[in-house]
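Novice: What follows is a structure written as structure tokens; I'll ask about it next.
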Amino acid sequence: MSHITIVLSYVSQLMAHASAAMPQVSIELLLIAGRAVFLVFSFVIAAVTFTRWRRGAQRGTEQIMAQNTLMLERLAAIEERVASANFRVTELATQLQGELRAAPAASDAQPRYQTAIRLAREGASRDELIASCGLSRQEAELVLRVHASNQTLGDAQAAA
């Protein structure tokens, strides 16, 4: 049974009991009273429904805000990692460029030592190695000790 039917039956029962003590109420007045009760009841239901809807929307907004905050924190952490990785890549690039610049110098030194070894085997002196190959005194002495013939080595020691 619907609420309207219940209200109308209740009103009918009241009318039956009160008809003896009260003056007769017209049907139009009863319908107006029924409409008023219906409107009040509808307003209460609408107010309760709106309040529940508003609370649900507020909970949803709070959840979205919490997720947004979490995403922003994660994004900040990722940005920090990217910046750190970028810095490390820059350092590695600089280090690699330095090594690449040093590599040609080492390869340029290789023919210089080969020439010094050949000259030492041919009997060149320490001063000749320094002048023709651009070696330091210690480098020239080392090349002579390792690669010079015994006669050239004796001459180099005598000159020292």
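Novice: Quote the charge dipole size of the range 26-159 about the Cα centre in Debye, to the nearest 20; the model charges only the Cβ of Lys and Arg (+1) and of Asp and Glu (-1).
Specialist: Here the range 26-159 has a charge dipole of around 900 debye.
Novice: What are the residues whose amide H is under 5 Å from the amide H of GLY123, where those residues sit 5 or more places off or on another chain and H is modelled from the backbone?
Specialist: SER149
Novice: Can I ask one more? Mind checking the full-extension length gain between THR5 and THR61? Use 0.36 nm per residue of separation minus the Cα-Cα distance, one decimal, nm.
Specialist: 16.1 nm
Computed from the coordinates by the stated procedures, all read-outs in this text should not be read as laboratory data. Everything numeric here is computed off the predicted structure, so don't read it as measured data. Reconstructed Cβ throughout: ideal geometry from the backbone, glycine too, with neighbour counts over all protein chains shown.
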